[in-house]
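Trainee: For reference, the structure I am asking about is given below.
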Amino acid sequence: MGELSGTNSSPFVAMHDSPRRTTVSHDQSPSTNAPISRRTALRVGAAASAAGVGMTVAAVGPVRAAQDATPAGMQSEQLEVVFTPVDPVTITLAGGGPPQRGDYFYVDGAIYAADDVNGTQIGMYHCFGAWTSAADATDAPYMRLTTVQFLMDEGSIMGLINEIGPDDSARIVGAVQGGTGRFTSALGTFQQLPGPSAAEGTMATPGPGTPAAGQNVVRAVFELMLPQGS
């Protein structure tokens, strides 16, 4: 996700850890959900919508999303990059004013290694979707549903994620839906978190690894499952 159009708030971050760490997990998270009828599910969904059910979202740093044990032939990998979304576009049905439910959103920006913002560009970030709540809503657990593409030199990662929680450090987890190149057949989860801000007195055009004054830097953290040998 990118900047919050019309509110100048940013739900994102950048980081300074190693750009990639690979781990193998053997934990399991068995499901115990009982099946329900389609009619019951529709009734419950309608009631929740009518009541405007809210959600409490925890704050602070990245969350390592729990996943099932890595399947045979797959390997786990943690990947972190930063991106700098610019010039967000919202097309509103009303033709102006704060974005409302159903309005269209798009933003893009350069991708860098986790500790190299404004250094060597390694790809482009693209994000499009719809507002699910009004931009000025104060009780929504999130405000947008977006499809994102991290188009990088090694390949692309595609995902689906909600954006903009009740505060800038809301921990919203998205689903990795696939990839290309080194990330072909990728599955897993990811987060988009607020990145570092420029230090006071930073120049408008800083060196590699330093955010520019007023620059929106977003930290993307992936927990991936990839075919072995990727």
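Computed from the coordinates by the stated procedures, all read-outs in this text should not be read as laboratory data. Note that the structure is predicted; figures quoted are calculated from it, not measured. Cβ: placed from backbone, ideal geometry, glycine included. Neighbour counts: every protein chain shown.
Trainee: Dipole magnitude of the range 107-230 about its Cα centre, charges +1 at Lys/Arg Cβ and -1 at Asp/Glu Cβ only, in debye to the nearest 20?
Mentor: Dipole magnitude for the range 107-230 comes out near 280 debye.
Trainee: Fewest Cβ neighbours within 10 Å first, please rank Met158, Met143 accordingly.
Mentor: Met158, Met143
Trainee: Excluding Ile122 itself, what net charge comes from residues whose Cβ is under 11 Å from its Cβ, given Lys and Arg +1 and Asp and Glu -1?
Mentor: -3
Trainee: Obtain the nm distance between the two label points defined at Asp115 and Ala213 by a simple spin-label model: each point lies 7 Å from its Cα along the Cα-to-C-beta direction.
Mentor: Distance between label points: 2.7 nm.
Trainee: If you rank Thr70, Thr205, Thr146 by fewest surrounding Cβ atoms within 10 Å, what's the result?
Mentor: Values: Thr70 17, Thr205 9, Thr146 24.
Sorted ascending by nearby Cβ count, the order is Thr205, Thr70, Thr146.
Trainee: Next up: Sort the range 98-144 into rounded, prolate or oblate with this rule: let a ≥ b ≥ c be the square roots of the eigenvalues of the Cα gyration tensor; rounded if a/c is under 1.5, and if a/c is not under 1.5, prolate when a/b is larger than b/c, oblate otherwise.
Mentor: prolate
Trainee: Sort the range 121-230 into rounded, prolate or oblate with this rule: let a ≥ b ≥ c be the square roots of the eigenvalues of the Cα gyration tensor; rounded if a/c is under 1.5, and if a/c is not under 1.5, prolate when a/b is larger than b/c, oblate otherwise.
Mentor: Oblate.
Trainee: Further question on the same structure: How much length is gained on full extension from Ala94 to Thr184, taking 0.36 nm per residue of separation minus their Cα-Cα distance?
Mentor: 28.3 nm is the gain from fully extending Ala94 to Thr184.
Trainee: How high is the relative contact order of the range 116-225? Use alpha-carbon pairs under 8 Å, at least six apart in sequence, and give a whole percent.
Mentor: Relative CO of the range 116-225 lands at 22 percent.
Trainee: Under 5 Å between amide H atoms, partner at least 5 residues away or on a different chain: which partners does Ala186 have, H built in plane at 1.01 Å?
Mentor: Residues meeting the criterion, in which the H sits 1.01 Å from N, are Gly179.
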